Every structure is written in C-alpha cells, then in structure tokens.
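Q: Below are the structure tokens for one structure; questions will follow.
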Amino acid sequence: MDWKEVLRRRLTTPNTDPNNQKSEQELKDEEMDLFTKYYSEWKGGRKNTNELYKTIPRFYYRLPAEDEVLLQKLREESRAVFLQRKSRELLDNEELQNLWFLLDKHQTPPMIGEEAMINYENFLKVGEKAGPKCKQFFTAKVFAKLLHTDSYGRISIMQFFNYVMRKVWLHQTRIGLSLYDVAGQGYLRESDLENYILELIPTLPQLDGLEKSFYSFYVCTAVRKFFFFLDPLRTGKIKIQDILACSFLDDLLELRDEELSKESQETNWFSAPSALRVYGQYLNLDKDHNGMLSKEELSRYGTATMTNVFLDRVFQECLTYDGEMDYKTYLDFVLALENRKEPAALQYIFKLLDIENKGYLNVFSLNYFFRAIQELMKIHGQDPVSFQDVKDEIFDMVKPKDPLKISLQDLINSNQGDTVTTILIDLNGFWTYENREALVASDSENSTDLDDT
C-alpha cells in the first residue's frame, strides 16, 4: 500500500483510547524531537563533530533589546558598579602625596643639578612600601622605559612621578568618558560627547565668562572638532580609546588653568575667545539673519577670494537644507580650511576637488578649478598665469606614484597638500604662493630696518 494513503488514513482516524491522548504541548515536543532526529540523520548526524568545539569560550553576548527594560537596567547597574570599582583602584591625592614622599626619601645621590634620581634597588624598596595600588608602576619595564643616559643607571624621580600621574589621569578620564557610553561598547556617539562636554563646562575656569545661552553653540563647536578629525568615515561615533590618544582632550582640560596665557587661548580651539570668534564669523556672514548661510554669504568667508567653482562644490557635496548651510556644516568647513596640513582636512577638500569621483585628481580636475582662478585674476586686473606652468609645479611638488594622477595619499605623503589645495581654490592663496619670494624678501628688509633702529 502506498505510504501516502496510510498517512492519510491515520490522520482521519480519531484516537479513541483515552490513555493515549496527549496535550498540545506534548505533541509539539514530540514533533520537534522527531524533526531533529530525522534532520540529523539526513545531514549525516553529528558523530564527527570536533570535540574541541565544546571548549571554545563564549565570545558573543547579545545586547538587551529596547523592550527588555529589566535586562537593560541590570546591564547599566553592573557597568556602573564595575566603573566604581575601577575608580577605587586608582591612586587618590593622599596616596600620590605619600608616593612622592617615599620617592624623595629614597633618592640616590648624586643629584644632577636640581634633579633628584633613584636607582633600581631603591625603586623596588619604594614599590614595596607604597602599597598594592602602586604595584603596577614599579616594574622593570617601567624603570627601563624611563632610563636614559645616566651613568649610574638611575632614573629621574620627577619623570617617574609624572609618568604615574599621567597614567592615573588617563584611567580617571577613561572612566569618566565611559560613564557617558550609553551603549557600553567603548565608543561615544555625538549626543554622548555633547553631554560630557556640557557637564564639564562648570569645571573649567576659563569658560566662566560664557553665558548659558551660548552653551549649546559652544558644545557644538567643541564636539565638532572631535568628530571631524576622529570620525573620518562619518559613522557618528568615536572610540573612547581614540579620544584619549589624541591631544584634543588635553587642549580642552587645559582650560582648567586659571592663569592660561592669552596666546594659548587664541590657539586653543576649545577656549572661549576661539569659540566666540568662530560663532561671531558665522553671524557676520549670515546677512539675512535666518540662521543659515547661502553660497553668496559663504563667499565672503576669510578674504572673500575663494572661487565660485569651489563654493559650488561645497554646496554640492556637503549637507545643506534647501541649499543653505547650517552651523554644524560650517564648522566642518572652517576646520578643514584652518587645518589644511592635517589628513582629515585634506580628505575633506580632496573630495570637493575630485569632481568625477574617481579617487584621484587628473589634469582635467586641476584645469577645472584653476580656470576659475584665472578668471578672478582678470577681474582684478592681474595677468593670468599659464595653467601649464601651474600644473607642472603641482606635479613636481606632489611627485605622485602615477605621473598622470594625484591621489589623496600622494597629497598627504608630499607634505604639500595645503599649498596645492590653496592654489586651486583661493585667489589670495594663489597670489601669496606666486609672490612668495618677493614677500620673503620684503619681510627680510623690514626686519633689517627694525634691527637698524
């Protein structure tokens, strides 16, 4: 008899035996067991599975979903407890003072000028007395790292103490940043970093003069520098490790110094004068006071000598709203133009110059942008310079791997990327480059005149 017919009859025949009746759940379990059994047999079974697979530790832990409120709370609490424990493992001010006292007590003569030194034997003695928290610093590796040219085989006590202070500061800062890491994955999103800086403002004496109404603009200005340079792929998040490794956090925390010089403030992007300067420029450019910049308004940036061709590319490639630029996009523009030697800034400008999206600049691209420079020169009554000469100079400066193409990496490797980009986008920049020898001679004459007086 055909098995299909047998199965059909079996399904249509009711089970009248009360002892054999099963619940719906039992039937489902039985069905799953049979499916697993027959599927395993069909696939050849699991008899030959490598036994080592059983010893592989678990390496993936699923993050709680948004609706799993209890699991999310548990994860947040456990992270908070973990960070508190890590914080308690760090040296506090009293323990650091005690460490300095022990180092000073065990210094090894003779001193080098006013520099106190310590040899390895005394170094280990201090390590034994300093307590368990300091144990990680008193190793042969650390001593060798700080050992330079001392003929007695000693290290500087001050250098070692600064090393310990720096390590403690890095761990403190990492813990502080991790508290804002909502996802708990070792990176900060834009909103996370904004919250961190906003809560940091009251602890920075150099920002005491800022009005609270300006806080949001200050935070936007500060956060933008982190993301412009540390998130080149525009993923919307930065590794905490990268934040600690760069100098931006040092610049930001430098504002704790109440006696910071005016020169330092002017060169520090995070200072109040710098933030007010950038925001003030934005307001001055915004002639119609709608909070956004049109192409015409942006054309007045700096010396107002950027070419229309370049500005067209800015508005084609950058994020705009109804053809106008907001403050955040403007900050990227400013950071790129003020830091043209940096790879992230060159990447920004290179994308604008690469009109064919080929990943390189060829003669056509260079001519496309330099033609606009030539037109501006005619408007200002200057004799246009031959493109052929400029093209040869650019290729001589960059020395690309391919003699007909200039890649972003070629620009970065040449250390001439700032000069090349300036020549192509800004008439004033080109004029300065073209007359560089005359300008140098003029500066030399002026300095000679000052010396004579």
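To keep it simple, each residue is scored yes or no on (1) outside the structural domain of Ala372 (by the TED database); (2) touching a Phe, Trp or Tyr at 6+ places or on another chain (Cβ under 8 Å); (3) at pLDDT 95 or above; (4) at negative phi.
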| position | (1), (2), (3), (4) |
| --- | --- |
| Ser294 | yes, no, yes, yes |
| Glu297 | yes, no, yes, yes |
| Asp312 | no, no, yes, yes |
| Phe315 | no, no, yes, yes |
| Tyr321 | no, no, no, yes |
| Asp326 | no, no, yes, yes |
| Thr329 | no, no, yes, yes |
| Asp332 | no, yes, yes, yes |
| Ala336 | no, yes, yes, yes |
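Q: May I ask you to list the residues in region 363-400 that are of a type in the set (Lys, Arg) and open to solvent by less than 100 Å² (accessible area, probe 1.4 Å)?
A: Result: Lys391, single match.
Q: Can you name the number of the only condition in (1) over 29 Å from Lys351 (Cβ atoms); (2) in contact with a Lys or Arg (Cβ under 8 Å, 6 or more places away or on another chain); (3) crowded, with 17+ Cβ neighbours inside 10 Å that Asp231 fails?
A: (1)
Q: Of all residues in region 168-193, how many are outside any helix (DSSP H, G or I) and of a type in the set (Phe, Trp, Tyr)?
A: 2
Q: Can you tell me which residue within region 169-185, out of those that are more than 17 Å from the chain's Cα centre (by Cα) and β-branched (Val, Ile, Thr), is least open to solvent (accessible area, probe 1.4 Å)?
A: Ile175
Q: Shifting gears a bit: So if I check each of Tyr360, Tyr368, Tyr348, which one is over 25 Å from Arg234 (Cβ atoms) and of a type in the set (Ser, Thr, Tyr)?
A: Exactly one residue qualifies, and that residue is Tyr368.
Q: Pick from region 341-361 the residues that are part of a loop (DSSP other than H, G, I, E, B) and in contact with a strand residue (DSSP E or B) (Cβ under 8 Å, 6 or more places away or on another chain): which of them is surrounded by the most Cβ atoms within 10 Å (Cβ to Cβ)?
A: Result: Asp354.
Q: Could you list, ordered by first residue, the pairs with Cβ atoms under 6 Å in which the first is in region 330-348 and farther than 21 Å from Tyr218 by Cα and the second is of a type in the set (Asp, Glu), at least 6 apart or interchain?
A: Qualifying pairs under 6 Å: Arg340/Asp418; Lys341/Asp418.
Q: I need the full set of residues from region 81-113 which are free of Cβ contacts under 8 Å to residues at least 60 places away in the same chain, over 29 Å from Ser156 (Cα atoms) and not basic (Lys, Arg), in order please.
A: Residues satisfying the conditions are Val81, Phe82, Gln84.
Q: Let me ask another. Given the criteria in a helix (DSSP H, G or I), in the same structural domain as Met325 (by the TED database) and either in contact with a strand residue (DSSP E or B) (Cβ under 9 Å, 6 or more places away or on another chain) or touching a residue at least 24 places away in the same chain (Cβ under 8 Å) (or both), does Phe226 qualify?
A: Taking the combined requirement at face value, the residue does not satisfy it.
Q: Quick check on my filter: what residues within region 401-417 are in contact (Cβ under 8 Å) with a residue 12 or more places away in the chain and either within 29 Å of the chain's Cα centre (by Cα) or open to solvent by 70 Å² or more (accessible area, probe 1.4 Å) (or both)?
A: Of everything in region 401-417, those that are in contact (Cβ under 8 Å) with a residue 12 or more places away in the chain and either within 29 Å of the chain's Cα centre (by Cα) or open to solvent by 70 Å² or more (accessible area, probe 1.4 Å) (or both) turn out to be Leu404, Lys405, Ile406, Ser407, Leu408, Asp410, Leu411, Ile412, Ser414, Asn415, Gln416, Gly417.
Q: From the residues in region 203-213 that are open to solvent by 20 Å² or more (accessible area, probe 1.4 Å) and either without any contact (Cβ under 8 Å) to a residue 24 or more places away in the chain or in contact with a Phe, Trp or Tyr (Cβ under 8 Å, 6 or more places away or on another chain) (or both), which one is nearest to Phe248 (Cα to Cα)?
A: Asp208
Q: I need every pair where a residue in region 134-152 that is in contact (Cβ under 8 Å) with a residue 40 or more places away in the chain has its Cβ under 7 Å from the Cβ of a residue that is open to solvent by less than 60 Å² (accessible area, probe 1.4 Å) and assigned to a helix (DSSP H, G or I), sequence separation at least 6 or different chains.
A: Cys134/Leu99; Cys134/Gly127
Q: I need the full set of residues from region 115-134 which are acidic (Asp, Glu) and more than 16 Å from Asn162 (Cα to Cα), in order please.
A: Glu121, Glu128
Q: If you scan region 275-287, which residues turn out to be part of a helix (DSSP H, G or I) and buried (at least 17 other Cβ atoms within 10 Å of the Cβ)?
A: If the condition is that a residue be part of a helix (DSSP H, G or I) and buried (at least 17 other Cβ atoms within 10 Å of the Cβ), then Ala275, Val278, Tyr279, Tyr282, Leu285 are the ones that fit.
Q: Moving on to the next point. So which residues in region 229-243 are assigned to a loop (DSSP other than H, G, I, E, B) and either polar (S, T, N, Q) or touching an Asp or Glu at 6+ places or on another chain (Cβ under 7 Å) (or both), if there are any at all?
A: Thr235, Gly236
Q: Same structure again: When the residues of region 186-202 are filtered to those that are touching a residue at least 24 places away in the same chain (Cβ under 8 Å) and over 16 Å from Asn268 (Cβ atoms), which remaining residue is surrounded by the fewest Cβ atoms within 10 Å (Cβ to Cβ)?
A: Here the residue is Gly186.
The values are calculated or read from the model by the stated rules, or taken from the named source; none is laboratory data. On a predicted model such as this, the values are computed, not experimentally measured, just so you know. Neighbour counts run over all protein chains shown; Cβ positions are idealised from the backbone, glycine included. The area values use the complete protein model at the heavy-atom level, side chains included, leaving out ligands, DNA and RNA. Shrake-Rupley method; radii C 1.70, N 1.55, O 1.52, S 1.80 Å.
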